[in-house]
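The values are calculated or read from the model by the stated rules, or taken from the named source; none is laboratory data. Quantities reported herein were computed from a predicted structural model and do not represent experimental measurements. Cβ placement follows ideal geometry from the backbone for every residue including glycine, while neighbour counts extend to all protein chains displayed. For the accessible areas, the whole protein counts, side chains as well, though only heavy atoms, and no ligand, DNA or RNA atoms are used. Shrake-Rupley method; radii C 1.70, N 1.55, O 1.52, S 1.80 Å.
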Amino acid sequence: MKIQTMQAVAFYLAYPIIWLIARLPFPAIYFISDGVYILVYHVLRYRREVIFKNIKTAFPELSEKEVIQLSKQSTRHFCDIFVEMVKSTGISSQELHDRFVCDNLEEINAFAKAEQPIVILIGHQASYEWTMSLDDFIGFTTYAVYKPIKNAYFDNYIRKVRSKFGSILIPMKKAYHIMQERQKSKSDVGLYALVADQSPKAASAQFFTTFFDQITPVFMGGERISKEYGMPVFFLQVEKVKRGYYKAHFEKVTDDASQEPKWMVTDTFFQLLEKQIRKQPQYYLWTHKRWKVKPEDARRAVELSPRVPQ
């Protein structure tokens with residue numbers, strides 16, 4: 001009860017600020033973002049060592065000065081993503097679609113018309129929050145897999161924000177079974193969107209591939225469900241055009257995952273994501289400990305991608 005009370009107090013203290021940001025014009029929210037950046041990076045020093053280590057690991061050729069510059073740019077973008085997510089509750093559908101543009105929705109909608117469910121794999125690059133807005137223009141029922149926040153009040157708020165445009169959110173731990181039930185029942189034609197570059201903990205780590213030449217633990221839920229039901233798979237590539245504006249493109253991985261060898265879907269996703277990150281490394285979320293868990297740390301039987309050096 002004490003924890004729940006503390007969670008409630010934290011949320012209701014923050015909510016007036018959240019409410020205000022959602023209703024401010026974009027120049028004002030980016031002014032706030034600049035202030036948050038100073039607090040987060042220079043005062044709180046939020047995960048600075050993790051960010052430095054990740055960038056150095058991914059780009060060993062960078063000088064110390066370049067690493068620091070990239071870490072600042074990434075943290076500034078992280079703050080922008082936060083205020084943009086909050087702003088989503090007070091933005092119109094038209095304004096959001098002026099800012100988040102996708103150039104090949106007709107290719108995705110062709111599968112909806114054919115009643116063919118598909119899997120979309122997304123990375124923590126550019127705007128992974130505003131991808132939810134695409135539901136307005138897609139002929140599918142969209143199921144978005146997400147990781148719940150420990151604070152139940154903030155989690156409820158985030159779910160409302162992310163489902164504003166029609167997406168149905170599925171908790172990560174229940175995702176595979178819910179997706180499996182939907183496919184067996186054939187009650188609707190689903191588009192299953194997964195942020196696929198999450199980093200498993202040692203207790204759940206089993207599968208390892210390479211990402212930026214590092215042996216990396218990965219989840220294979222997207223590949224698993226798409227292979228089981230013979231679904232097409234796409235990678236959603238998102239580029240930041242300028243502050244507050246993004247361009248997206250659905251890049252096909254396969255027409256039928258069931259016809260592909262094991263690891264093809266997962267490895268292709270990480271290859272495409274790495275290529276995208278290398279183009280705009282300042283817009284990737286470097287705050288997570290991507291390479292903390294090694295195969296020897298795993299508590300399950302380990303499976304390695306063919307891309308992992310033997």
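Only one of the numbered conditions (1) within 18 Å of residue 291 (Cβ to Cβ); (2) assigned to a strand (DSSP E or B) is violated by residue 193, and that is (1).
Can residue 234 be described as in contact with a Ser or Thr (Cβ under 7 Å, 6 or more places away or on another chain), in a strand (DSSP E or B) and among the aromatic types (Phe, Trp, Tyr)? Outline the logic, then answer.
Details: in contact with a Ser or Thr (Cβ under 7 Å, 6 or more places away or on another chain): no; in a strand (DSSP E or B): yes; among the aromatic types (Phe, Trp, Tyr): yes.
It is false that residue 234 is in contact with a Ser or Thr (Cβ under 7 Å, 6 or more places away or on another chain), in a strand (DSSP E or B) and among the aromatic types (Phe, Trp, Tyr).
Checked against (1) assigned to a helix (DSSP H, G or I); (2) closer than 30 Å to residue 82 by Cα, residue 224 passes all but condition (2).
Considering the stretch 41-76, the residues that are in a loop (DSSP other than H, G, I, E, B), within 17 Å of residue 288 (Cβ to Cβ) and of a type in the set (D, E, K, R) include one that is most open to solvent (accessible area, probe 1.4 Å), namely 45.
In this structure, does residue 242 turn out to be surrounded by fewer than 15 Cβ atoms within 10 Å (Cβ to Cβ) and within 19 Å of residue 74 (Cβ to Cβ)? Write out each step before concluding.
Values: surrounded by fewer than 15 Cβ atoms within 10 Å (Cβ to Cβ): yes; within 19 Å of residue 74 (Cβ to Cβ): yes.
Against the criterion (surrounded by fewer than 15 Cβ atoms within 10 Å (Cβ to Cβ) and within 19 Å of residue 74 (Cβ to Cβ)), residue 242 qualifies.
Determine which member of the set 189, 233, 218, 241 is within 19 Å of residue 307 (Cα to Cα) and among the β-branched types (Val, Ile, Thr).
Values: 189 fails: within 19 Å of residue 307 (Cα to Cα); 233 fails: within 19 Å of residue 307 (Cα to Cα); 241 fails: within 19 Å of residue 307 (Cα to Cα).
Just a single option satisfies the conditions, and that option is 218.
Put simply, of 262, 275, 227 the only residue that is surrounded by 17 or more Cβ atoms within 10 Å (Cβ to Cβ) and of a type in the set (D, E, K, R) is 227.
Just checking, which of 290, 307, 299 is touching a residue at least 40 places away in the same chain (Cβ under 8 Å), open to solvent by 10 Å² or more (accessible area, probe 1.4 Å) and touching a strand residue (DSSP E or B) at 6+ places or on another chain (Cβ under 9 Å)? Can you show your working first?
Details: 290 fails: open to solvent by 10 Å² or more (accessible area, probe 1.4 Å); 299 fails: touching a strand residue (DSSP E or B) at 6+ places or on another chain (Cβ under 9 Å).
From the options 290, 307, 299, the qualifying one is 307.
Filter the stretch 78-95 down to the residues that are assigned to a helix (DSSP H, G or I) and among the hydroxyl-bearing types (Ser, Thr, Tyr), then identify the one that is nearest to the chain's Cα centre (by Cα). Step by step, filter the stretch 78-95, then rank; the result is 88. When restricted to residues that are part of a loop (DSSP other than H, G, I, E, B), under 18 Å from residue 76 (Cα atoms) and more than 17 Å from the chain's Cα centre (by Cα), the stretch 245-293 contains 0.
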